[in-house]
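Here's the structure we're looking at; comments come further down.
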Amino acid sequence: IEIYSLHVDCKVTSRFAHTLITSRIVNRANESREATFEVELPKTAFITNFSMSIDGEVYPGIIKEKAAAQNEYDTAVSKGQSAGLVKITNRKLEQFHVSVSIAAASKVTFELTYEELLKRQLGKYELLIKVRPKQLVKHFQIDVHIFEPQGIHFLETDSTFMTNELTEALTKVQNETKAHILFKPTLDQQKKNSELDETLLNGDFVVRYDVKREATAGDIQIVNGYFVHYFAPQEMPVFPKNIVFVIDRSGSMTGRKIEQTRDALLKILQDLRPEDHFTFITFNNQVVEWKSSLLPATEENVASAAALVQSLTARGGTDISGALLTAVGMLQKAKGLPEHSVSMIILLTDGQPTSGERNVEVIQENVQKAINGKYALFCLGFGFDVSYKFLEKMALSNGGIARRIYENADAALQLQGFYQEVATPILMQIEMQYPENSIEGLTKNNFKLFFEGSEIIVSGKISDELDLLPVEIKAQSHTSNLTLKEEANVKEKEQVFQNQRYIFGNFIERLWAYLSIQQLLEKAISAQGEDQKALEAQALDLSLQYSFVTPLTSMVVTKPQQQEELANKPTEAG
C-alpha cells in the first residue's frame, strides 16, 4: 500500500481556518489490501466533510443527528462490531481513522475537511497541522494561505521535526495582508538517511501569527450580510488580582503529580505582581488554610508561600466541597483588598469528591450560591480520574473555565500556561452593543473579564436595510469606565473580500455558525432541564444546517459492500 500523494491545503481568512486533507493511495500488491487514512486534527475543529473515492466511485460521509445515526448503525451492524472513527489522542488533538479494503492495483482517494476559528492566546493565533504519513510520500505538500484584512503583524512557523535539509523545502511569501506558506519536501529530503526508507516527517507543523490593531473599538468585517467583530485592546493598566489557590493533596496526587504541581506553583508565585493578593488552601479529607487571610504578594510573602509549596505531600481523601467553600469564605471576609480588583479561585484536583459532601449536584449548587457571581472559578482537572463534567459545569456556572491537565512530561508547563492566560485581566463587565432591531442571531455579547493577549469575538446577521452598522463597547478598566464607539459602512466592508481567491464562499456565515454552536453547547453544560434541551436543539439545527460534526451529530461513512461506520465528535468530558 503506497501513499503516493498527500496534500494539506489550509485557508485562513480572518482567523477562520478551512483545512482540506487529500490522501491518494495505490495498492501495488497483487491481492486486495487495507488502505488506511489517519488524520489528527485540533479538538477545537469541527469536521465538515469526508469522502473516499475508489476506482472512480465516490462514497461520501453523511452528517445526521447522533441518535438517528446510531439507531441506523445498530440496525445495519450486529452489535459489538461498532468502531468509532474519532478519538481524543492528546491535549490538543483528536484522531480520525478510517480504513477500507481495496483490490489489487486499485486506487483510493480520501478527502477530509474541517473548520475552526483560531483562538488568540497570549498574543497569538496558532494553526496546528499534525504530520505523520508513516511512509515516504512522492508528492507531499502543505499549503497554508492566510488573509487578514487588518494586516499581519508577525508570522512564524515552527516544527518539531525540521532538519536543515527540510528547511530548504519550506518557503514563506508575505505581504501586508496575505501570506502563503509552502512546505514541499522531495523524497530524499523526507528520508532519515539515504540507506533507509524511513521518514523524518513525524510531528507538529505550527503556524503562529498575530494581526495589526489600529482601531480602539476593534475591527468589523462583513460578508454576505453576516458580520464579525474582533475586539482585543492592548496596553491597558492591569487589574490587581486576588487569588485563592485551592490545591488537592489527596493520596492520588502522590509522586509525579504533586512534584509537577510544586514546580508549576513555584513558577506561578514568581509571576505574581506586587499589587496582587493571594493565599493557598490545601486539602485532602481535611481543609488547611495556609494563612487566615489573603496576603499582598511581597517578596517576603512569596518566599514564605514557596516554602509551603516545597513541603506539599500527598495522602488522604478529597473534600472538594469543603475546600471551595473555605476559599469563597476567605474572599468574602477579606479586608484591605484593592478597590478595583479581580477576585478568582483556582482549583487543582485529580479526583472525585470522596470526603465531606460527595454529591456533585449539591456541591455545584452550594458553590454557585456562595460565589453568587462575585468571583471567577477556574477548575483544573489533573489526569483522567477526575469527573471533568463536574469541574466544567462548576467553572462555567461561575464565570470561569475548566481545563484538563494531561499527565505527561509538560504538565507543569500546562499549569503555568493556564495561569499566564488569566494573569493579566485588563477589562471587566464588557458589553458589546449593536442596534437591536437590525441584528439577528447575535452571539454572546457581554463578557465578565477580558485578559490581555486574548480576543473577544461577536458575530451576527445584519438586516438588509442597514447601510451603517454602529457599535458601542462599554467596559470597566482599572482606571475608568470606558465607552468606545465605531461605525462600519456595510458596503465598504463587503468590498474588502470581493475577488479574494482566499475566501471560501460565505466564510463569515460559517464562522457565525461555528461560534454559535460552540457557545450554545457551552451554555448547555451549566443549564438545567428544558433550557438545556432547547439550547441543544438549537445547536443541533445549526450543526445539521452547516454540516458540522459536533457532539450532537454523527457522520455516517458507508464503505463498499454497504458497511457503515460512524464518526462522532469526542468531548473532553467523555
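The values are calculated or read from the model by the stated rules, or taken from the named source; none is laboratory data. Keep in mind the model is a prediction, meaning the values are calculated, not measured. Here the Cβ positions follow ideal geometry from the backbone for every residue, glycine too, while neighbour counts run over all protein chains shown. These accessible areas exclude ligands, DNA and RNA; they are computed on the full protein's heavy atoms, side chains included. Shrake-Rupley method; radii C 1.70, N 1.55, O 1.52, S 1.80 Å.
Just subtract the alpha-carbon distance of His153 and Gln433 from 0.36 nm times their residue separation and send over the number in nm, one decimal.
On the way: separation 280, 0.36 × 280 = 100.80 nm, distance 2.76 nm.
Computed gain between His153 and Gln433 is 98.0 nm.
Distance between the modelled labels on Arg28 and Tyr406, one decimal in nanometres: 3.3 nm (7 Å Cα→Cβ projection).
For Leu266 and Lys369, a Förster radius of 35 Å and the Cβ-Cβ distance give a FRET efficiency of 0.55, rounded to the nearest 0.05.
Across bins of 10 angstrom width beginning at 0, how are the C-alpha pair distances of region 241-423 distributed, in whole percent? Whole-percent P(r) values from 0 Å outward: 10, 42, 39, 9, 0. With the charge dipole of region 241-423 set up from +1 on Lys and Arg Cβ and -1 on Asp and Glu Cβ about the Cα centre, the Cα lying farthest toward the positive end among the listed residues Leu265, His277, Cys379 is that of Cys379.
Leaving ligands and nucleic acids out of the surface, order Leu93, Leu468 by accessible area at 1.4 Å, largest first.
Reading off the accessible areas and sorting them downward yields Leu468, Leu93.
Once both axes come from the Cα atoms, what is the angle between helix 66-76 and the longest principal axis of the chain, in degrees from 0 to 90, rounded to 10? The two axes meet at around 40 degrees. What is the sum of charges around Leu427, taking Lys and Arg as +1, Asp and Glu as -1, for the other residues whose C-beta is under 11 Å from the C-beta of Leu427? Surrounding charge for Leu427 is 0. Inter-part distance, region 185-216 to region 341-387, computed on C-alpha centroids, equals 40 Å.
Using the 1.4 Å probe convention, the accessible area of the chain works out to 44 Å² per residue with neighbouring protein chains retained. Remark: spin-label model distance Asp74-Ser304 equals 6.1 nm, labels positioned 7 Å along the Cα→Cβ axis.
3J(HN,Hα) couplings calculated from phi for region 105-117 with the Karplus curve 6.51 cos²θ - 1.76 cosθ + 1.60 (θ = phi - 60°) are, in sequence order, 6, 7, 10, 9, 10, 9, 10, 10, 10, 9, 9, 7, 9 Hz; Gly and Pro show x. Across region 454-464, rounded Karplus estimates of 3J(HN,Hα) from the backbone phi angles (6.51 cos²θ - 1.76 cosθ + 1.60, θ = phi - 60°) give 9, 7, 9, 10, 10, 9, x, 10, 8, 5, 4 Hz, Gly and Pro being marked x.
Longer than 24 Å from Cα to Cα, which of Lys43/Lys66; Lys533/Lys569; Lys130/Lys523 are they? Say none if no pair is.
Lys130/Lys523
Seen from Val386, the other residues with C-beta closer than 13 Å to its C-beta sum to a net charge of -1, counting Lys and Arg as +1 and Asp and Glu as -1.
Around the amide H of Ser547, modelled in the peptide plane, lies no amide H under 5 Å away from a residue 5 or more places distant or on another chain. For the chain, the longest principal axis of the Cα atoms and the long axis of helix 256-271 meet at an angle of about 70 degrees.
Solvent exposure of Arg510, expressed as accessible area, is near 40 Å², computed with a probe of 1.4 Å over the protein chains only.
Of Ala17, Ile62, Tyr125, whose Cα points farthest to the positive end of the dipole of region 1-134 (charges on the beta-carbon: +1 Lys, Arg; -1 Asp, Glu; origin at the Cα centre)? It is Tyr125, whose Cα lies furthest towards the positive end.
With the Cα gyration tensor of region 152-284 in hand, convert its eigenvalues to equivalent ellipsoid semi-axes via √(5λ) and list them largest first in whole Å. Before the final figure, lay out each step's value.
Values: eigenvalues 319, 203, 36 Å².
For region 152-284, the ellipsoid semi-axes come out as 40, 32, 13 Å.
With Cα atoms defining each centre, region 10-69 and region 87-130 are spaced 8 Å apart in the structure.
The packing ranking of peptides 248-260, 545-557, 282-294, highest mean first, is 545-557, 248-260, 282-294, where packing means the average number of other beta carbon atoms within 10 angstrom of each residue. 3J(HN,Hα) along region 387-404, derived from phi through the Karplus expression 6.51 cos²θ - 1.76 cosθ + 1.60 where θ = phi - 60°, amounts to 8, 5, 4, 5, 5, 5, 5, 5, 5, 5, 6, 10, x, x, 9, 10, 9, 9 Hz, with x in place of Gly and Pro. Entry note: the chain has Rg to Rh equal to 0.98, where both radii use alpha-carbon atoms and Rh is the Kirkwood radius.
Taken over region 241-423, lysine pairs spaced eight or more positions apart, or on distinct chains, with alpha carbons under 20 Å apart number 14.
From largest accessible area down, sort Val490, Val496; use a 1.4 Å probe on the protein chains. Show your work: numbers first, answer last.
Working: Val490 15, Val496 60 Å².
From most exposed to least exposed: Val496, Val490.
Round to a whole number: what % of the accessible area of the chain belongs to carbon and sulfur, probe 1.4 Å? Show your work: numbers first, answer last.
Numbers: 11600 of 25410 Å².
Within the chain, the accessible surface is 46 percent carbon and sulfur.
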